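Visitor: Can you keep this structure in mind? I'll have questions shortly.
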Number of protein chains: 2
Amino acid sequence: MTHDQLRATFAALADPTRRAILQRLLSGEASVAQLAEPFEMTMRAVSKHIGVLEAAGLVTRSRDAQRRPSRIRAEPLAEVDMWLESYRRLWHRRFRRLDERLATLQRKRRAGEKQR
Amino acid sequence: MTHDQLRATFAALADPTRRAILQRLLSGEASVAQLAEPFEMTMRAVSKHIGVLEAAGLVTRSRDAQRRPSRIRAEPLAEVDMWLESYRRLWHRRFRRLDERLATLQRKRRAGEKQR
């Protein structure tokens with residue numbers, strides 16, 4: 001179940017325009033016309049992108065208001081964050097190892113400078 | 001540039017088999033044969049998935065060894081983590097608001113119980 005949700009989330013996020021739409025929605029809900037403006041896209045193209053975001057649960061649209069503004073939903077993104085958790089340890093470990101290697105190099109360089 | 005990297009990363013992660021391969025690589029490098037085993041897939045199908053992961057920079061394969069083991073790369077995942085940062089504030093804010101609402105409800109319930 002989570003697999004299918006992650007699949008829909010990642011597939012929706014792969015498109016840069018959809019990520020830009022989400023970013024815009026961070027500063028508040030917006031109608032299709034408002035979303036179409038900065039992207040120089042047709043309303044139809046933007047509607048399609050919103051449809052994909054809505055199907056992935058990344059966006060909700062109010063049913064009542066006539067302009068049907070889109071609103072960002074945080075849950076699928078929080079799920080991506082949870083999925084990343086086991087990998088976070090990996091890069092923290094690797095970046096720490098890199099830091100240690102750099103520190104060793106610096107110590108060696110300083111020791112070399114003293115000997116000169 | 002980052003857009004294209006994120007596009008490749010998200011597209012690669014959309015597939016559950018590719019996420020499972022990455023998870024397996026968390027416990028160490030593995031050959032195609034080793035990766036094919038638990039998934040009950042042909043070597044050819046697994047090779048294709050590894051190719052997509054490699055193209056997205058999520059996996060590297062050593063050029064010298066004959067079995068060419070795959071190794072997970074953390075960088076693209078660290079980039080997804082950075083991308084999530086601006087959205088993290090969003091769900092923390094929303095979850096906090098939900099907590100506050102629940103706390104208010106509990107206070108009201110307790111006040112109601114005392115009056116009885």
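The values are calculated or read from the model by the stated rules, or taken from the named source; none is laboratory data. Nothing here was measured: the structure is a model prediction, and the numbers come from that model. Backbone-built Cβ (ideal geometry, glycine too); neighbour counts: all protein chains shown. These accessible areas exclude ligands, DNA and RNA; they are computed on the full protein's heavy atoms, side chains included. Shrake-Rupley method; radii C 1.70, N 1.55, O 1.52, S 1.80 Å.
Visitor: Say a label goes 7 Å from Cα toward Cβ at B:Gly51 in every copy; what distances in nm does this one have to the rest, shortest first?
Guide: Distances between equivalent label points, in nm: 3.2.
Visitor: Other chains' Cβ within 10 Å of B:4-16 residues: what's the mean?
Guide: 5
Visitor: Same structure, new question: Could you give the radius of gyration (one decimal) and Dmax (whole number) of the Cα atoms in the stretch A:11-74, in Å?
Guide: Every Cα atom of the stretch A:11-74 included, Rg and Dmax give 10.4, 30 Å.
Visitor: Taking the Cα centre of each part, how many Å lie between the stretch A:1-39 and the stretch B:37-72?
Guide: The two parts, judged by their Cα centres, are 31 Å apart.
Visitor: Counting Lys and Arg as +1 and Asp and Glu as -1, each charge on the Cβ, what is the dipole of the protein assembly as shown about the Cα centre in debye, to the nearest 20?
Guide: Computed charge dipole of the protein assembly as shown: roughly 1020 debye.
Visitor: What residue of chain B sits with its beta carbon nearest the rotation axis taking B to A, and at what distance in whole Å?
Guide: Looking at chain B's Cβ atoms against the axis toward A, the nearest is B:Phe10, 2.
Visitor: Additional query: Place the label 7 angstrom along Cα→C-beta at A:Arg63 and in each other copy, then list the distances from the first to the rest in nm, shortest first.
Guide: Those separations, rounded to one decimal, come out as 5.9 nm.
Visitor: In straight Cα distance, which lysines are under 24 Å from B:Lys108, not counting same-chain residues fewer than 8 positions off?
Guide: none
Visitor: Same structure again: Relative to the Cα centre, what is the charge dipole magnitude of chain A, using +1 at the beta carbon of each Lys and Arg, -1 at the beta carbon of each Asp and Glu, and rounding to the nearest 20 debye?
Guide: Approximately 1060 debye in magnitude.
Visitor: When the helices in the protein assembly as shown are scored as -39500 (n - 2.57) per DSSP H run of 4 or longer and the sum is shared across all residues, what 222 nm value do you end up with, to the nearest 500 deg cm²/dmol? Could the numbers behind the result be given before it?
Guide: Details: 10 runs with 168 residues, N = 232.
Using -39500 (n - 2.57) per qualifying helix, the result is -24000 deg cm²/dmol.
Visitor: Working only with C-alpha atoms, what are the Rg and Dmax values of chain A, expressed in angstrom?
Guide: Final numbers for Rg and Dmax: 22.4, 78 Å.
Visitor: Given the options B:Arg94, B:Arg19, B:Arg73, state which has the largest fluctuation in a GNM of chain B using a 10 Å cut-off (strictly under) for Cα springs.
Guide: Result: B:Arg94 has the largest fluctuation of those listed.
Visitor: If you don't mind, there's one more thing I want to ask. Once A and B are treated as a pair rather than alone, how much accessible area drops out, both sides summed, in Å² to 100, probe 1.4 Å?
Guide: Result for this pair: about 3000 Å² buried.
Visitor: Output, in nm with one decimal and in ascending order, the distances from the A:Leu102 label point to the matching label points of the other copies (7 Å from Cα along Cα-to-Cβ).
Guide: Taking the point 7 Å beyond Cα along Cα→Cβ, the inter-copy spacings are 4.0 nm.
Visitor: Moving to a separate point now. Would you work out the charge dipole size for the stretch B:61-104 about its Cα centre, treating the Cβ of every Lys and Arg as +1 and the Cβ of every Asp and Glu as -1, and quote it to the nearest 20 debye?
Guide: Dipole size: approximately 180 debye.
Visitor: Positive end of the charge dipole of chain A (Lys, Arg +1 and Asp, Glu -1 on Cβ, about the Cα centre): tell me which of A:Thr9, A:Phe95, A:Leu26 has its Cα farthest that way.
Guide: My answer, from the dipole projection, is A:Phe95.
Visitor: Taking the dipole about the Cα centre of the stretch A:36-116, with the C-beta of Lys and Arg at +1 and of Asp and Glu at -1, give me whichever of A:Ala36, A:Leu84, A:Val52 is farthest to the positive side.
Guide: The one lying farthest along the dipole's positive direction is A:Leu84.
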